[in-house]
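The values are calculated or read from the model by the stated rules, or taken from the named source; none is laboratory data. Remember, it's a predicted structure, so these values are computed and weren't measured experimentally. Cβ: placed from backbone, ideal geometry, glycine included. Neighbour counts: every protein chain shown. Side chains are part of the model used for accessible areas, which takes the heavy atoms of the whole protein and leaves out ligands, DNA and RNA. Shrake-Rupley method; radii C 1.70, N 1.55, O 1.52, S 1.80 Å.
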Amino acid sequence: MKPSSLAAAREFLKNRRIALVGISRNERDFSRAVFDELISRGYDVVPVNLAMVEVNGRHCFARLQDVKPPVQAALLMTPPSQTDRVVQDCIAAGVSKVWMHRGIGHGSATASALARCEASGLEAIHDLCPFMALPDIGLMHRLHRELRGAEG
């Protein structure tokens, strides 16, 4: 599968309120770095994790369907084994845009989750890290973007 385009990723990031599904309890986890970076850039990031009540003073929701007011965009930082279920939650919650994160390693996307998004009319970004699409990123993320073959 070819990665999503940077243009599509940047379009996703025009949503200023984004659910981050699968945020880790571990403060050193990459999901927490993404969470903190988006907040520092003025995003209203809604954490979603069944096992947490709060993240950095923000209420953490157990499921997307519980988020009030609802979000239109969800960044999935889930293991692939959970992504199909979370995409189903996105559909049930009325989310219209999904980003299946990929950093180092496999990432969140699965063929079945992408097929479910397509069948349901969900816009899906995959095979990219949010840092690749943010303006003013560091050298490491620019190189990562080029190595992945992400096109603008």
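The table for this structure:
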{"read-out": "Cα convex hull of the chain, projected area averaged across orientations, nm²", "value": "8.2"}
{"read-out": "Theoretical FRET efficiency, 1/(1+(r/R0)^6), r = Cβ-Cβ of GLU37 and ARG85, R0 30 Å, to 0.05", "value": "0.70"}
{"read-out": "Highest to lowest packing among 109-121, 48-60, scored as the average C-beta count within 10 Å", "value": "109-121, 48-60"}
{"read-out": "Label-to-label distance, nm, for residues given as LYS14 and ASN26 (7 Å Cα→Cβ offset)", "value": "3.6"}
{"read-out": "CYS129 long-range amide H proximity, modeled H, under 5 Å", "value": "ARG102"}
{"read-out": "For the stretch 1-125, size of Cβ-based charge dipole, Lys and Arg +1, Asp and Glu -1, in debye", "value": "160"}
{"read-out": "Residues with amide H under 5 Å from that of SER24, placed H, sequence gap 5 or more", "value": "SER31, ARG32"}
{"read-out": "Cut-off under 5 Å, modelled amide H: who pairs with VAL98 long-range", "value": "ALA74, GLU123, ALA124, ILE125"}
{"read-out": "Kirkwood hydrodynamic radius of the stretch 14-84, from inverse mean 1/r over distinct Cα pairs, in Å", "value": "12.1"}
{"read-out": "Centre separation in Å (Cα based) which lies between the stretch 1-39 and the stretch 43-87", "value": "11"}
{"read-out": "Solvent-accessible area, 1.4 Å probe, carbon plus sulfur percent, for the chain", "value": "52"}
